[in-house]
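The structure under discussion appears below in the form of structure tokens.
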Amino acid sequence: MPDAPSQGLVVAVAGANSAQAMTIASALAQEADVSFLQEVRSPAIIEAVQKTGASLVLLVSAEADDLLLSTCGEVVAATQLPVVVFAESAPPDTAGQFVRRGASSFIVKGLSADRIMPIIETAMERHRLMSALQSELINSRNELSARKSIERAKGILMKQQSLSEAEAYDSMRRAAMARGLKLAEVAETIIALSGVAGEPRQAGG
């Protein structure tokens, strides 16, 4: 079971009618501060998130239409927060569209007081996991790119300055230490200079 949200949870709710707002307020009374907006419009929601410090956005709509889908994507992109979508009706295959736009949860005809908090907890945990996976993927790509640059720069030094692989690497390492740079940054400089000047200077020079 996901950990309960920490104290200080703030939820921005957009689009709820009076009855839905009462249901949400009742469900979250002991769990979160809730900020209500009448319209489901991206600029207003984003502004509310900034003002309230919301940690989750809840979109409520009678129908899961293109406007709601667009709003969901824009809010996710602008706030990087978990977004939960409640709709009274939705065409087939709609859930996948909302998930691809970044929604952490998409619920049809499920706005009941006893379900709201578990859905929010699950959405927040899913968002944390996806964010962690995305960070790991970005780091892996950066590391792979750095390794490729280092290998390419070593090859340039070996070919153009008649160095062994160990000598080329040591030259780059000393240059990085002397300049307070990462090895990959030195490698990128060598690659750039090789394209401009045809033959780079000694990396440690």
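The values are calculated or read from the model by the stated rules, or taken from the named source; none is laboratory data. These numbers come from a predicted model, not from an experiment. Glycine also receives a Cβ, built like all others from the backbone with ideal geometry; neighbour counts cover every protein chain displayed.
Yes/no per residue for (1) under 16 Å from the mean Cα position of the chain (by Cα); (2) more than 21 Å from A132 (Cα to Cα); (3) part of a loop (DSSP other than H, G, I, E, B):
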site: A19; (1), (2), (3): no, yes, no
site: I24; (1), (2), (3): no, yes, no
site: E39; (1), (2), (3): no, yes, yes
site: A48; (1), (2), (3): no, yes, no
site: V60; (1), (2), (3): no, yes, no
site: S70; (1), (2), (3): no, yes, no
site: E88; (1), (2), (3): no, yes, no
site: V99; (1), (2), (3): yes, no, no
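State whether the residues of the stretch 99-111 include one that is in the same structural domain as E74 (by TED's automatic domain parsing), closer than 30 Å to I24 by Cβ, among the hydrophobic types (A, V, I, L, M, F, W, C) and free of Cβ contacts under 8 Å to residues at least 12 places away in the same chain. Taking every residue of the stretch 99-111 in turn, at least one turns out to be in the same structural domain as E74 (by TED's automatic domain parsing), closer than 30 Å to I24 by Cβ, among the hydrophobic types (A, V, I, L, M, F, W, C) and free of Cβ contacts under 8 Å to residues at least 12 places away in the same chain. For the stretch 100-152, filtered to residues that are among the small types (G, A, S) and exposed (fewer than 14 other Cβ atoms within 10 Å of the Cβ), the residue that is nearest to F86 (Cα to Cα) is G110. Taking residues in the stretch 151-166 that are in the same structural domain as T189 (by TED's automatic domain parsing), and partners anywhere that are of a type in the set (D, E), the pairs with Cβ atoms closer than 7 Å and at least 6 places apart or on different chains are K154/E165; M158/E165; Q160/E199.
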